[in-house]
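Structure first, commentary second.
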Amino acid sequence: MPSHRMNLQFKMNKIMNVYKLLFPLLLLLILSACDDDFLVKAPHDAISEDGYYNSEDRAISAINAVYATLGNADLYEDWMVRILEVPSDDVVLARSTGLEYNNWSFTAADGILFRVYGRLYEGIYRANVVLERVPGIDDMDAADKERILGEAKFLRAMFYHHLTAFWGEVPLITSVVESPEDALIAKSSRNAIYDQMVSDLEDAAAALPEPANVGEVGRATRYAAMTLLGKVHLYHENYEDAEVWLGRVIDSEEYRLIDDFSQIIHVDNENNAESIFELQFENPPPGGIGTRRMNWNLVQPVGAGHQMASESIVNAFEAGDPRLEFTIYRDGDDFCPSCDPEFHTFDSGLSATGYAIKKGMYPARNTQNQDPNQPILRYADVLLMYAEAANELDMLGEARDALNEVRARPSVNMPARTVLDTGNKEDMFDAIVHERRVELAFEHQRFFDLRRWGLATQYLGPFGYEESRHRWFPLPQNEVDTNPELVQIPNW
């Protein structure tokens, strides 16, 4: 067993001996804040947690810790990205932990699921701390306090959005867990969690500043909250509200599609005009949270070559679509100018599939210290989500306009969809499915899209997907075994 897993298990066992059955949802945070002598009384002059939250600087530190969770190795740096991409038909995993996700043979005891699940709840715990402790700080600018609380609600909703998209029903925790026993609760319904996300995001949209007034790159804005709110409504098939909120982002004219598709995810073009919310990896807080190891998606010897582009995604692009060239390395492509001469061009023989992910990784770099930020919400996604909501509301003209705006990007310039090929809801939906796949490839959208659309069996069935079993991931089995209130998802 790896040493970090042994250490975690030792700490879990120690707490369980004291408290009998403890719910480990929040162990990653709770344990990281405690040493092995955490039951010993603190000195009389120690600062309590309540006493810590007494200044604006400490409030900022607290909210920065919530942002930092997103960039942890368990989430957007590595592990969550794997289970967002590998189970889809766009990526094949090779030479790495998690090969079971290629053919849907993983189990509820899988360690990746446990790490992602626990880290998402760590983010929720940290957001809850901000929401409970920061309001009591007297010596603090009121506007700054409102902004920080808005950021915490935005981030809490984002964590729950991922939890519900992965697992469906999960425990809803909206206050600080004072003792482990308090976390021994049952799952809440998706509707209850949806209502909480909507409430959080509406509050965040009202509290957060315009982009011009955000003050520090990487912090959430009101349009980030509106975008996520539109996405939450879309995932829950509330198309009316999705169309309204996404339409507000479009009508704001705060964002635009950048001309050059190859620069969407690029180390030299971070936080560009298309980016609504992106995870900062090498900037000051709320960035500075680590180095994203995107080179893990490259081929050896430049990187480990774990996540390779599939032949299916290569074939999904229309003939002449330049996004293929910008998205995927093919044999002979210009590859790594900083490497030895023999690796200046891409060699398909080094890849498990014959292809590699190019988006965000061109030119390839012989280092892991220059990887770009991770866009989480960007304007092309807004347009395509709006097209989907409008189509469901029989607003085919509006849906077509939004879809064609994406296709008309100067560096893409694909022929516009017309009434002839998208003249009814079904054809328009098929066009949206296609456009989301090629426009948003490797941006962690495809897997969630297929499952929420009910298309996972069609596309993923050949790889082992079964709707009755795989519509939701299993809850980590050690969570179920520890918490008597938590019932495993059916068929797991």
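Considering every residue within the range 137-155, establish whether at least one is closer than 26 Å to L450 by Cα and at pLDDT 95 or above.
Scanning the range 137-155, I find at least one residue that is closer than 26 Å to L450 by Cα and at pLDDT 95 or above, so the answer is yes.
Quick one: count up the residues across the range 90-134 that are of a type outside the set (S, T, Y), open to solvent by less than 30 Å² (accessible area, probe 1.4 Å) and under 18 Å from the mean Cα position of the chain (by Cα).
Residues flagged as of a type outside the set (S, T, Y), open to solvent by less than 30 Å² (accessible area, probe 1.4 Å) and under 18 Å from the mean Cα position of the chain (by Cα) within the range 90-134 amount to 12.
State yes or no: is A441 among the small types (G, A, S), touching a residue at least 60 places away in the same chain (Cβ under 8 Å) and buried (at least 16 other Cβ atoms within 10 Å of the Cβ)?
So A441 passes the test.
Is it the case, given these coordinates, that G332 is open to solvent by 30 Å² or more (accessible area, probe 1.4 Å), modelled with pLDDT under 90 and assigned to a loop (DSSP other than H, G, I, E, B)?
So G332 does not fit the description; no.
Hey, can you tell me all the residues within the range 145-196 that are in a helix (DSSP H, G or I) and among the aliphatic types (A, V, I, L, M)?
If the condition is that a residue be in a helix (DSSP H, G or I) and among the aliphatic types (A, V, I, L, M), then I148, L149, A152, L155, A157, M158, L163, A165, A183, A192, I193 are the ones that fit.
Look through the range 444-492, keep the residues that are over 18 Å from N102 (Cβ atoms) and among the small types (G, A, S), and return whichever of them is most open to solvent (accessible area, probe 1.4 Å).
The extreme case among them is S468.
Identify, please: which residue in the range 420-430 is open to solvent by 10 Å² or more (accessible area, probe 1.4 Å) and touching a residue at least 12 places away in the same chain (Cβ under 8 Å) and is, among those, nearest to L279 (Cα to Cα)?
Looking at residues that are open to solvent by 10 Å² or more (accessible area, probe 1.4 Å) and touching a residue at least 12 places away in the same chain (Cβ under 8 Å), I get F429.
Any residue in the range 372-390 that is charged (D, E, K, R) and either over 30 Å from L229 (Cα atoms) or in contact with a Phe, Trp or Tyr (Cβ under 7 Å, 6 or more places away or on another chain) (or both)?
So far as the range 372-390 goes, no, none of its residues is charged (D, E, K, R) and either over 30 Å from L229 (Cα atoms) or in contact with a Phe, Trp or Tyr (Cβ under 7 Å, 6 or more places away or on another chain) (or both).
Might you check whether a residue that is under 23 Å from the mean Cα position of the chain (by Cα), closer than 20 Å to W245 by Cβ and assigned to a loop (DSSP other than H, G, I, E, B) occurs anywhere in the range 423-441?
yes
Using the structure shown, decide if L298 is at pLDDT below 90, surrounded by fewer than 19 Cβ atoms within 10 Å (Cβ to Cβ) and over 30 Å from N238 (Cβ atoms).
Criteria not met by L298.
The values are calculated or read from the model by the stated rules, or taken from the named source; none is laboratory data. These figures come from a predicted structure and were not determined experimentally. Neighbour counts are summed over all protein chains in view; Cβ atoms, including those assigned to glycine, are modelled from backbone coordinates with ideal geometry. The area values use the complete protein model at the heavy-atom level, side chains included, leaving out ligands, DNA and RNA. Shrake-Rupley method; radii C 1.70, N 1.55, O 1.52, S 1.80 Å.
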